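Heads up: the structure comes next, in structure tokens.
The values are calculated or read from the model by the stated rules, or taken from the named source; none is laboratory data. What you see is a predicted model; the values in this text were computed from it and never measured. Heads up, the Cβs are rebuilt from the backbone with ideal geometry, glycines too, and the neighbour counts pull from every protein chain shown.
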Amino acid sequence: MNLTSKIIFVVSVICLTVWASINLLPPQAKQNNIPLSPEIKAALVEANANFTYKGSLIHPHLIKEFESWYSDNCPPVIVSIDVAAAAKARNEYDSDAIKIDGSRVIARSDDGTFYQYEWLGRLENGIHILKTADYGEGSGVFTQLVFVKFTTDFAYDEDGSRRERLLLTVMRDFILGDRDDGSIEIKANRVVISASRYRPEPIVLKF
């Protein structure tokens, strides 16, 4: 292969690579390059600043969707929630049924059980830290930490129109135990969980 042929070959490979990177991306990757609307931008800013959507607190039952059964001892099965869609599902996620008690956001289920979360803060990388408590039918009050992050995405409606979504995604969880009495400290991108009756030594979670 002479020099001219080598140059033509290299240029062809580069052109093919560029073409593939543009045309063989999944549709979602291409669409994500479309600028966000002012409405979804504002929703993302509000959610990260206040943990609210259009002035309403994030419903506790949305957070509960991320929690797996303690007996299964597995990562969350449901990993993302469409916050905007949930705001329209008022029969399932009725914001009027939410009760505020200090820093606790509480929701009651139809079976009389309660579920709550406390927003503890946000890491430098944008991950929010929630301490949850599940008041089930028994005597236990099972607590854990749930780490979530807001992102934007899109979907298609029945008519094919593009609809923006504000997603709440679980990044990590950590089981504390029944009425855990430890404290939580946030440091940059670390969370320090103090010793308690369940832990002889503090635990540091890094992100």
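Taking the criterion of being aromatic (Phe, Trp, Tyr) and within 30 Å of ALA42 (Cβ to Cβ), the residues of the range 146-183 that qualify are PHE147, PHE150, PHE154, TYR156. On the stretch given as the range 111-141, residues that are in contact (Cβ under 8 Å) with a residue 40 or more places away in the chain and either in a strand (DSSP E or B) or not assigned by TED's automatic domain parsing to the domain that holds THR169 (or both) total 13. Take the conditions (1) touching a residue at least 60 places away in the same chain (Cβ under 8 Å); (2) out of contact with any Asp or Glu (no Cβ under 8 Å at 6 or more places or on another chain); MET171 misses just one of them, which is (1).
Given the residues GLY182, GLY177, which is the only one that is assigned to a loop (DSSP other than H, G, I, E, B) and either in the same structural domain as CYS74 (by TED's automatic domain parsing) or in contact with a strand residue (DSSP E or B) (Cβ under 7 Å, 6 or more places away or on another chain) (or both)? Give the derivation first.
Working: GLY177 fails: assigned to a loop (DSSP other than H, G, I, E, B).
So the residue among GLY182, GLY177 that is assigned to a loop (DSSP other than H, G, I, E, B) and either in the same structural domain as CYS74 (by TED's automatic domain parsing) or in contact with a strand residue (DSSP E or B) (Cβ under 7 Å, 6 or more places away or on another chain) (or both) is GLY182.
Can you tell me how many residues in the range 80-92 are part of a loop (DSSP other than H, G, I, E, B) and either charged (D, E, K, R) or surrounded by 14 or more Cβ atoms within 10 Å (Cβ to Cβ) (or both)?
We begin by selecting, within the range 80-92, every residue part of a loop (DSSP other than H, G, I, E, B); these are 89-92.
Filter once more, keeping what is either charged (D, E, K, R) or surrounded by 14 or more Cβ atoms within 10 Å (Cβ to Cβ) (or both): 90, 92.
Matching residues across the range 80-92 total 2.
Scan the range 185-207 for residues that are in contact with an Asp or Glu (Cβ under 8 Å, 6 or more places away or on another chain) and either closer than 30 Å to LYS41 by Cβ or outside the structural domain of PHE154 (by TED's automatic domain parsing) (or both) and the total you get is 3.
Here is a list of conditions, (1) closer than 18 Å to PRO60 by Cα; (2) under 20 Å from the mean Cα position of the chain (by Cα), and PHE154 meets all of them except one; can you say which number that is? Here PHE154 meets the rest and fails (1).
Could we say that GLY182 is over 15 Å from TYR117 (Cα atoms), without any contact (Cβ under 8 Å) to a residue 24 or more places away in the chain, loosely packed, with under 15 Cβ neighbours inside 10 Å and out of contact with any Lys or Arg (no Cβ under 6 Å at 6 or more places or on another chain) here? No.
Counting only residues that are charged (D, E, K, R) and in contact (Cβ under 8 Å) with a residue 40 or more places away in the chain, the range 156-168 holds 3 of them.
Return yes or no: is GLU158 out of contact with any Ser or Thr (no Cβ under 6 Å at 6 or more places or on another chain), assigned by TED's automatic domain parsing to the domain that holds VAL83 and not in a strand (DSSP E or B)?
Working: out of contact with any Ser or Thr (no Cβ under 6 Å at 6 or more places or on another chain): yes; assigned by TED's automatic domain parsing to the domain that holds VAL83: yes; not in a strand (DSSP E or B): yes.
Judged against the criteria, GLU158 is a match.
Surrounded by fewer than 18 Cβ atoms within 10 Å (Cβ to Cβ), under 16 Å from TRP119 (Cα atoms) and not acidic (Asp, Glu): which single residue out of VAL141, VAL192, VAL170, VAL148 fits that description? Lay out the reasoning, then the answer.
Working: VAL141 fails: under 16 Å from TRP119 (Cα atoms); VAL170 fails: surrounded by fewer than 18 Cβ atoms within 10 Å (Cβ to Cβ); VAL148 fails: surrounded by fewer than 18 Cβ atoms within 10 Å (Cβ to Cβ).
One residue alone meets the criteria, VAL192.
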